Amino acid sequence: MATTFTISELSKEFDLTTRAIRFYEDMGLLSPTRAGPGGRNRMYSNRDRTRLRLTLRAKRLGLSLTEAKDIIDMYDSPRDTVAQLDRFISVLVQHRHQLEVQLQEIQANLDEVKQHEREARALLAKQKKART
């Protein structure tokens, strides 16, 4: 018999709100079965649990949920592994490039802040010296 998980169990395991898990479900990343009266209870499979783990890993890497879904869906299909890995590498290369651009922009901003700080400190020292 397959192991199933409730939304509360996954919420605790992954330190997520149940609302976040339902959002991932709405995005098509998870597809629980329904149980209980009127199908009110969500029951997540091992597959859903793995997809949630991969989704969170993709988020940590900075990928969008759409990118995460595309990559995760590739591994669910019986397609050629080479094509899947090529696509995954392509997404990672593109994302790495975006991060490198952001890093350069942040470094330029940081350099500018440091320059302004140096100028302000020098001005302050000059004004303090003039008072004495």
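Structural remarks
- Members of the range 3-21 that are surrounded by 15 or more Cβ atoms within 10 Å (Cβ to Cβ) and either of a type in the set (Asp, Glu) or farther than 14 Å from Lys59 by Cβ (or both): Thr4, Phe5, Thr6, Ile7, Leu10, Ser11
- Hey, Asp26 out of contact with any Asp or Glu (no Cβ under 6 Å at 6 or more places or on another chain), loosely packed, with under 12 Cβ neighbours inside 10 Å and not polar (S, T, N, Q) or not: yes
- The set of residues in the range 64-104 being hydrophobic (A, V, I, L, M, F, W, C) and either in contact with a Phe, Trp or Tyr (Cβ under 8 Å, 6 or more places away or on another chain) or in the same structural domain as Tyr24 (by TED's automatic domain parsing) (or both) consists of Leu65, Ile71, Met74.
- Index of the failed condition, Val82 passing every other in (1) surrounded by 10 or more Cβ atoms within 10 Å (Cβ to Cβ); (2) more than 16 Å from Asp26 (Cα to Cα); (3) modelled with pLDDT under 95: (1)
- Any hit, the range 108-117, residues being under 25 Å from Asp15 (Cα atoms) and either among the small types (Gly, Ala, Ser) or in a strand (DSSP E or B) (or both): no
- Test set (1) modelled with pLDDT of 90 or more; (2) closer than 30 Å to Ser11 by Cβ; (3) in a helix (DSSP H, G or I) - Gln102 fails condition number: (2)
Yes or no, residue by residue, for (1) aliphatic (A, V, I, L, M); (2) closer than 26 Å to His95 by Cβ:
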site: Ile7; (1), (2): yes, no
site: Pro32; (1), (2): no, no
site: Ala35; (1), (2): yes, no
site: Ser45; (1), (2): no, no
site: Asp73; (1), (2): no, yes
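- Flag for Ala130 being more than 27 Å from the chain's Cα centre (by Cα), part of a helix (DSSP H, G or I) and more than 20 Å from Ala20 (Cβ to Cβ): yes
- Here Arg121, Arg53 are screened, and the one residue that is surrounded by 12 or more Cβ atoms within 10 Å (Cβ to Cβ) and basic (Lys, Arg) is Arg53.
The values are calculated or read from the model by the stated rules, or taken from the named source; none is laboratory data. Since the structure is predicted, the reported quantities are computational estimates derived from the model, not experimental observations. Backbone-built Cβ (ideal geometry, glycine too); neighbour counts: all protein chains shown.
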